[in-house]
Amino acid sequence: MKTFFKCLTVGVLSMMLFAAPGFASDTVKVANAGALSGDLAPYGISALRGVEMAVEDINEQGGILGKNVELMLGDDVCKPEVAVNVATKLVSDGVQMVVGHVRSGAIISAKKIYKDANIILISGSATNDDLTLTGDHPNFFRTISNDGAQAKLMTAFAKNDLKVKKVALIHDKGDYGKGQMELAKAEFEKMGDVEIVLFEGVTTGAVDYTAIVQKIKRSDAELVMWGGYHSDASKIIQLLKKKRVETLFMGADGIYGDNLPNLAGEFAEGVYATGPNDTSSNPMHQALTKEHQEKYGEDPGTFFFTGYTCMQSLAAAAEKAGSVEYDAMRAAMFEITVDSPMGPIGFDEKGDIVGAGFSVYRVTDGKYQQVN
Amino acid sequence: MRWISILLGLAVTGIIGFFAVRELLMDPMYFFELFLGGLTRGSIYALIALGYTMVYGIIQLINFAHGEIYMIGAMTALIVATVLGMWGWNTAVIVILAFVFAIVYSCAYGFTVEKIAYKPLRNAPRLSALISAIGMSLFLQNYVMLAQTPDFLPFHSLIPDFQFWEPFAHIITSVEITIIITTVIVMILLGLLIKFTRIGKAMRATAQDKVMAALLGINVNNVISATFVVGSATAAIGGVLIACHVGQINFYIGFLAGLKAFIAAVLGGIGSIPGAVLGSLVLGISESFFTGYFWSEYEDVFAFTILVVILIFRPSGILGRHDAQKV
């Protein structure tokens, strides 16, 4: 009798083992992976809202290949180590395409899991150059320009418009921030004329940044260029002003959005950042903004439109390929032109977006305004 | 071994001394600014480290939830200041009330944490209490995250920029000078409390021998509670001050600050109050100089290296007691 129960238990358990991936589903499983909690959650949630809205629109129009899209969520708190777990869980739950992750570091650590499972990964926010340019990630696409494009824009703006001679490059030691500053350094060195007086990394979340601020002051830098996110940037900006250090401050899309002006308040005035091109004249952009305001009572966040475009691109590629199989979809990704809220976009042979770029913005009266 | 350590010590001191004098002569202003920045940072560490060291002195427990008490202090001050600010109260009143509320709330949390998480484990193996402390720390972090927000919140400095200080503001801000002065005052008050009051005497007695103190009529439970309350109060003051300095807080600020303060306490000799203060200042100032003269990338590496080096040569910390384990 005992043996019988043992056999039964083993039998049931092994059935459960086989059952999960085996079910033929009548939905297309798409996951949104990224920071949904933690201090970088505003970025993840802005992208998620875009994806959610796109899923609603797609399902209203009959879904992908006649099947409804089922959205799964994965929260990686923007930490590379958590991203691996999230990716493993999504793959074992049978996900077919993934929008995410938000941060380059998270993708770099989770990439192998998606690649091995033949899953297309598309991000509206990860800008690290290596993700596309090395060619190591054939399953990765993005709807945002890469850091190289941003670094070119930032350095050219610093030299030609701000006319600075001495810059301090400060980063948060992360894949995104440090990568960005290394690109900027290379650009400055190529251009000449601009001297890099300081190149340093700081610890994110440190108790106090006074020492680095004093170091910036001593270096006589006219511009501090920051590679990283808004929460640490805000601390440094505040301390610079409190210590009466008169330098300009500039960052990339990591500090673009409402978060920085909200956090640093009046200290944020005059901060420069690069961010995705202003496409607010696009009718689809306007309609989505209105919908977002009605639904959440606020303006769309940093990665809302890129997130929306990610989901649109996946749907378009699946329709074009006539299947959700990896090889067919990947081939289709290069052929599609998506009528997105950012205008018509496509993808180049590396997986980078074609048809979108960055502009420079400056905080004026508590909001980022485009600089002409 | 003794000779080697003395020689090594002399060599290291000599190199550092030579370097310090050279930098001092080359750019005395910068040296001085870094020193003051380090002093500010060390003061904050000291306010937190006191709680670690006092609790360890009495019940040999490393209270890992202490960093969270500091964070709760800052959060409470933020909430009180925001609400009172909306009602349009006078700034001075807001500052005082924010500090009072922060201290009271943190003390209440410190007291409750001890009652819930440590008292039932008083006679359990030390490891159990340690795990309980880590659990409490995670609980409080996540509780604040869920009850408040995971985002960073702007913290408008409660301490205004003093007009008369303006000529010196580029060297040391009003907030920083307030931090240093407040820390000195708190240290003096704490010293008086421990040296001259009944409860201070009882604390010292309990730290020396819990059983004997109980036999002589000291209510050990009350003394332990009092220790947690005093430690929480200084942590709350530290929390509010650093929030004024940095200008933003979230649920996670207690983790790194608590860790650094813990290192400082161990560095100075855990269980010793002057040791905690000295350890904090050494850590804060050396971190500041390291960032200023070398690379800020390795600031934390450097902090931990100091810890390791000092513990190799003085296992009980700079001012730690050498007495043998009681049986």
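Computed from the coordinates by the stated procedures, all read-outs in this text should not be read as laboratory data. Bear in mind that the values here come from a model prediction, so they are computed numbers and not experimental data. Every residue, glycine as well, gets a Cβ built from its backbone with ideal geometry; the counts of neighbours run over all protein chains shown.
Some points to look at:
- Residue-wise HN-Hα coupling along the stretch A:270-280, computed from phi with Karplus coefficients 6.51, -1.76, 1.60 (Hz; x: Gly, Pro): x, 6, 9, 8, 9, x, x, 3, 6, 10, 5
- The stretch A:262-306 - Debye-derived log10 I(q)/I(0), Cα point model, q = 0.14, 0.15 Å⁻¹: -0.46, -0.52
- Rounded FRET efficiency, nearest 0.05, which uses the C-beta distance separating B:Met86 from A:Lys67 and R0 of 60 Å: 0.75
- Over 23 Å [Cα-Cα, the stretch B:180-283], rounded percent: 35
- Using every pair of separate Cα atoms, the Kirkwood estimate puts the hydrodynamic radius of the stretch A:86-164 at 13.7 angstrom.
- J(HN,Hα) series, the stretch B:125-141, from Karplus relation 6.51 cos²θ - 1.76 cosθ + 1.60, nearest Hz, glycine and proline x: x, 4, 4, 4, 5, 5, 5, 4, 5, 5, x, 4, 4, 5, 4, 5, 4
- Cα-based reach from A:Lys29 at 16 Å (exclusive), listing lysines while leaving out same-chain residues under 8 positions away: A:Lys67, A:Lys89
- Couplings 3J(HN,Hα) of the stretch B:85-100, computed from phi: x, 5, 7, x, 6, 5, 4, 4, 5, 4, 4, 5, 5, 4, 5, 4 Hz, in residue order, whole Hz [Karplus 6.51 cos²θ - 1.76 cosθ + 1.60, θ = phi - 60°; x for Gly and Pro].
- Eigen-decomposition of the gyration tensor built on the alpha-carbon atoms of the stretch B:90-246 gives equivalent ellipsoid semi-axes of 34, 22, 12 angstrom, largest listed first.
- Distances between placed amide hydrogens fall under 5 Å for B:Gln248 paired with B:Phe155, all partners being 5 or more residues away or on another chain.
- Projection of the Cα convex hull of chain A, averaged over all directions and equal to a quarter of that hull's surface, yields 21.5 nm².
- One equal scatterer on each Cα of the stretch B:101-147, no solvent, Debye formula: the resulting log10 I(q)/I(0) at q = 0.17, 0.19, 0.25, 0.29 Å⁻¹ is -0.54, -0.65, -0.94, -1.06.
- For the stretch B:2-41 and the stretch B:147-199, distance of Cα centres in Å: 27
- Projected label distance in nm at B:Thr149 and B:Lys201, using a 7 Å step from Cα toward the beta-carbon: 5.2
- Span from the the stretch A:264-338 Cα centroid across to the the stretch A:105-182 one, whole angstrom: 18
- Take each residue in B:152-158, count the other chain C-beta atoms within 10 Å of its C-beta, and the mean is 4.
- Overall dimensions of the stretch B:1-137 as given by Cα atoms, namely Rg and Dmax in Å: 21.9, 67
- Residues listed by number, the stretch B:143-181, amide nitrogen under 14 Å from A:Glu246 label point at 7 Å toward C-beta: B:170
- With a simple spin-label model that places each label point 7 Å from the Cα along the Cα-to-Cβ direction, the separation between A:Thr27 and B:Asp27 comes to 6.0 nm.
- Based on the reciprocal of the average 1/r between different C-alpha atoms, the Kirkwood radius for the stretch A:220-372 equals 17.4 Å.
- Three-way shape call for the stretch B:219-327 based on the alpha-carbon gyration tensor, with the a/c threshold at 1.5: oblate
- Measuring r between the beta carbons of A:Leu133 and A:Ala156 and using R0 = 25 Å, the FRET efficiency lands at 0.80.
- Relative contact order, percent, chain B [alpha-carbon distance under 8 Å, six or more residues apart]: 33
- log₁₀ of I(q)/I(0) at q = 0.13, 0.26, 0.31 Å⁻¹ - the stretch B:19-60, Debye sum with one point per alpha carbon: -0.46, -0.82, -0.94
- Average beta carbon contacts from partner chains per residue of A:39-52, 10 Å cutoff: 1
- Of the trypsin sites (Lys or Arg not before Pro) in the stretch B:166-229, those whose Cβ has at most 15 other Cβ within 10 Å and which sit in DSSP loop: none
- Charge dipole (the protein assembly as shown, unit charges on Cβ, about Cα centre) - positive-most of B:Thr53, A:Tyr272, A:Met154: B:Thr53
- Using distinct alpha-carbon pairs, which all enter the 1/r mean, Kirkwood radius of the protein assembly as shown in Å: 27.8
- In this label model, B:Asn142 and B:Trp295 are separated by 3.7 nm, measuring between points 7 Å along each Cα→Cβ vector.
- The convex hull around the C-alpha trace of the stretch B:36-313, projected and averaged over every direction, spans 16.0 square nanometres.
- Leading residue at positive end of dipole, the stretch A:222-372 (Cβ point charges), from A:Ile237, A:Ala328, A:Ala356: A:Ile237
- Spatially near lysine pairs across the stretch B:36-313, Cα under 21 Å, sequence gap of 8 or more or different chains: 4
- Kirkwood-Stokes translational diffusion coefficient of the stretch A:148-270, alpha-carbon pairs, 10 °C, 1.306 mPa s, µm²/s: 112
- Candidate lysines for bridging to A:Lys163, where Cα separation is under 20 Å - those fewer than 8 sequence places away on the same chain excluded: A:Lys152, A:Lys185, A:Lys190, A:Lys217
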